[in-house]
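Here's the structure, in structure tokens; my notes come after.
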Amino acid sequence: MKSRLEPFIAAIVASMALCAVPSTVHARRAPPRPVIERVQPTSGAAGTQIQIVGRNLSSTRSVTIGGVPVAITSRSPYRWTGTIPAGVRSGYLVFESAMGPVRGPYFRVTAAAPAPLVRSVVPSVAAPGSEVTLSGQNFSPRVHDNTVLLAGRQVVVRSATPTALRVIVPTWAQTGPFTVRVAGSGEAMSPPLTVDVGTQITSFSPQRGEAGTVVTIDGTGFNRRRRANQVYFGSRRARVLRASATQLQVRVPTRVGDGPILVAVRRGGRATSAQPFIVQAAPRIDSIAPSSGPPGTVITIRGANFGADVRRVRVILGGQALRVRSVLPDRIEAIIVPGIRSGNLEVYVHDLRATSGSEVGVRSQLQVMSFRPRSGDVDTEIRVRGMGFSPRISENTVTIGGTAAAVVGASPNELRVRVAQGTPSGTIQVSVAGSGTATSREAFMTTTPPFIASFSPMSGGPGTEVTITGANFGTNPQLVRASMSGRSMEVRSVQNNRLVVVVPRGSTSSRITINVSTNGGTVTGREFSVEARRRIFALTPGRGPSGSRVTIQGEGFPQGAILVQFAGSSAVAARRLSPVELSVVVPSGATTGPVTVLLPGGRTMTSPEPFEVVDITAPPRNQPISIQSIRARCVRPGCEATIYGTGFSSSTRMNRVKFNGRPVRVLVATPTSLRVTLPNAVGTGVFEIDVRGGGEASSAPFVIR
């Protein structure tokens, strides 16, 4: 039973296996059929090239006409190029593909056109760039149907008729015949063309210039007759001045721009310069300053048309180049370098030249070596010898002791100068334009003595400023000395015709003596009267109890025994702090009233304001607390100072004093003054006083250093 079923089982398995394998025929996609849109041209003789335009051309295996294959010479996705074979008749183009044949447009095969014939080349001798005419027959009137070759390379066909072709001789042309091919007609050879050197521009100069500039053009192939040569700068025709076979001289026309030069020779060739002609006006020099100087001098050249490019400008002096520092259209700055000699200065902008027409001198380094005489009065002529001076008087500036001197003569090695009125003694300084400054080692001594015309005021006390007018005092305070009654006077200001001096302390009435170093001295015509001024300015404080200390401020306090008398009391001895300050203690029994100072010899001074004597008890409730002034012997920490004011307590413990928040020790207290010790609180601050039961007060800013 098992043996009978085995064949059937095997057949079923085999059929199932076949069903599991996909069909390769249905898996592959058939290529699309070609679609032909057009064929150009649709007629022509054997050998005609046709253009096939369509889609899916890649699926085409072959193209035939009348069963004869069409040779395909080029392929692209949408355009093929083919050639109609010989010996075929008119018919449809057939495109064979995997999906079968596709019939395309109908192509009409015409009889072959007669072959072209070239009889002549006119002219037979021509230069590259010129135009020649090929005369013959059977050419195509359509330019692109005519292919002209020279030495195997295609040349440009300018125009075409059935009997003439106009072509341009290329720059690479060689002597030989032309080959003319006409589409669908064959080809022909021409008589040989002899290639001449032709019209060429090898160079021209200058390469820059303005309208009216004469330009020389060198080259070949020019006509000896001027009018047979046409020269253009851009679109503007230039006038030809001279002509030869190798050179033309022309004048640049007006209203031209930068561009190449074109030369066209009648019945010859034409050529264009390789380099453009640059329209640029020639430079012009108007002035040079300074006209001379040593190496390192900056020469400023003013003029026009210099441009702005340092790289395009050269400045030549004595045949050698200066270093150009900066360039503007109307100014050039150039530096004289070592080794350059004097000479005419020239400026080159590109290859355009301008000359100064006057010499620029190169001098030695500026030096003042000596002078004679060594001293003199006004109008003395001094001969200053040295190096690097300018031969032009106006370019030399000379001062003596800071005062200008007139230059009356000049050469490169000597200056003659004249001493001016009011010139003090001092060194001689020479400045030369563009060369710097040089100073003599020794001073010229001006011997003009000073002169006093007047002084004011004519009397006063110590410290009085006296103005002395006159002449020849100079301008240097270090050279002026003033004195009276054997004491030196402070010189506060010095002018050549005016001095201000101060009457010294301890001086007596006498004449004032003025000495100016190197010039001599002089004295006033009359004495200055020294007056002993004695007066009291103020009492500090202006009120206080008995036992308080008062400072009397004024002037004229002499040395010796001085007494002070308060109203209602006997005189008491005062301590002289200085000629302008006395210190005294208010005696008991003193009452409110003026204070009198008793001087030796019976002289007296009375205070302008009365001193108010107050009770030493606690301040009245209505007495305000105030700080009027602060006096200190020094302003360092630890020094003693006195605070003057009102409303203080006579008890030190009742007065709490602070400086910038720091406690201040009170040594002595009265209702009008507190003597304190300055704390260690360096800086600017205020004193604050708090009187128990009385109130508070603050001082003006005070400085502890």
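Here are the numbers for the structure shown:
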{"quantity": "Any chance ARG372 is touching a strand residue (DSSP E or B) at 6+ places or on another chain (Cβ under 9 Å), closer than 30 Å to PRO477 by Cβ and not aromatic (Phe, Trp, Tyr)", "calculated": "yes"}
{"quantity": "Flag for VAL378 being over 20 Å from PRO294 (Cβ atoms), β-branched (Val, Ile, Thr) and assigned to a strand (DSSP E or B)", "calculated": "no"}
{"quantity": "Residues of the range 151-168 satisfying the condition of being outside any strand (DSSP E or B) and of a type outside the set (Val, Ile, Thr)", "calculated": "ALA151, GLY152, PRO162"}
{"quantity": "Residues located in the range 371-402, provided they are of a type in the set (Ser, Thr, Tyr) and without any contact (Cβ under 8 Å) to a residue 60 or more places away in the chain", "calculated": "THR380, SER394, THR397, THR399"}
{"quantity": "Only listed residue being in the same structural domain as SER578 (by TED's automatic domain parsing), part of a loop (DSSP other than H, G, I, E, B) and not β-branched (Val, Ile, Thr), chosen from GLY547, GLY554, GLY506, GLY525", "calculated": "GLY547"}
{"quantity": "Selection within the range 385-443 - in a loop (DSSP other than H, G, I, E, B) and either over 21 Å from GLY520 (Cα atoms) or acidic (Asp, Glu) (or both)", "calculated": "GLY388, PHE389, SER390, PRO391, ARG392, PRO412, ASN413, ALA433, GLY434, SER435"}
{"quantity": "Test: residue in the range 622-644 that is among the β-branched types (Val, Ile, Thr), outside the structural domain of GLU555 (by TED's automatic domain parsing) and either surrounded by fewer than 17 Cβ atoms within 10 Å (Cβ to Cβ) or under 60 Å from the mean Cα position of the chain (by Cα) (or both)", "calculated": "yes"}
{"quantity": "Near pairs, Cβ below 6 angstrom, 6+ apart or cross-chain, from the range 423-447 (touching a residue at least 12 places away in the same chain (Cβ under 8 Å)) to any residue that is outside any strand (DSSP E or B) and aliphatic (A, V, I, L, M)", "calculated": "VAL432/LEU366; SER435/LEU366; GLY436/LEU366; ALA438/LEU366"}
{"quantity": "Condition check for ILE201: of a type in the set (A, V, I, L, M) and surrounded by 19 or more Cβ atoms within 10 Å (Cβ to Cβ)", "calculated": "yes"}
{"quantity": "Filter pass, PRO283 being touching a Gly at 6+ places or on another chain (Cβ under 6 Å), surrounded by 15 or more Cβ atoms within 10 Å (Cβ to Cβ) and of a type outside the set (Asp, Glu)", "calculated": "no"}
{"quantity": "In the range 517-533, residue farthest from PRO462 (Cα to Cα) [restricted to those that are buried (at least 17 other Cβ atoms within 10 Å of the Cβ) and at pLDDT 85 or above]", "calculated": "THR522"}
{"quantity": "Test: residue in the range 582-592 that is of a type in the set (A, V, I, L, M, F, W, C), in a loop (DSSP other than H, G, I, E, B) and either closer than 28 Å to ILE627 by Cα or within 60 Å of the chain's Cα centre (by Cα) (or both)", "calculated": "yes"}
{"quantity": "Strands (runs of 3 or more DSSP E) wholly inside the range 228-303 that include at least 2 residues being touching a residue at least 12 places away in the same chain (Cβ under 8 Å) and closer than 30 Å to ILE393 by Cβ", "calculated": "284-289"}
{"quantity": "Scope the range 363-382; condition touching a Gly at 6+ places or on another chain (Cβ under 9 Å) and either closer than 30 Å to PRO206 by Cβ or of a type in the set (Lys, Arg) (or both); matching residues", "calculated": "ARG363"}
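The values are calculated or read from the model by the stated rules, or taken from the named source; none is laboratory data. From a predicted model like this one, the values you see are computed outputs, not experimental measurements. Heads up, the Cβs are rebuilt from the backbone with ideal geometry, glycines too, and the neighbour counts pull from every protein chain shown.
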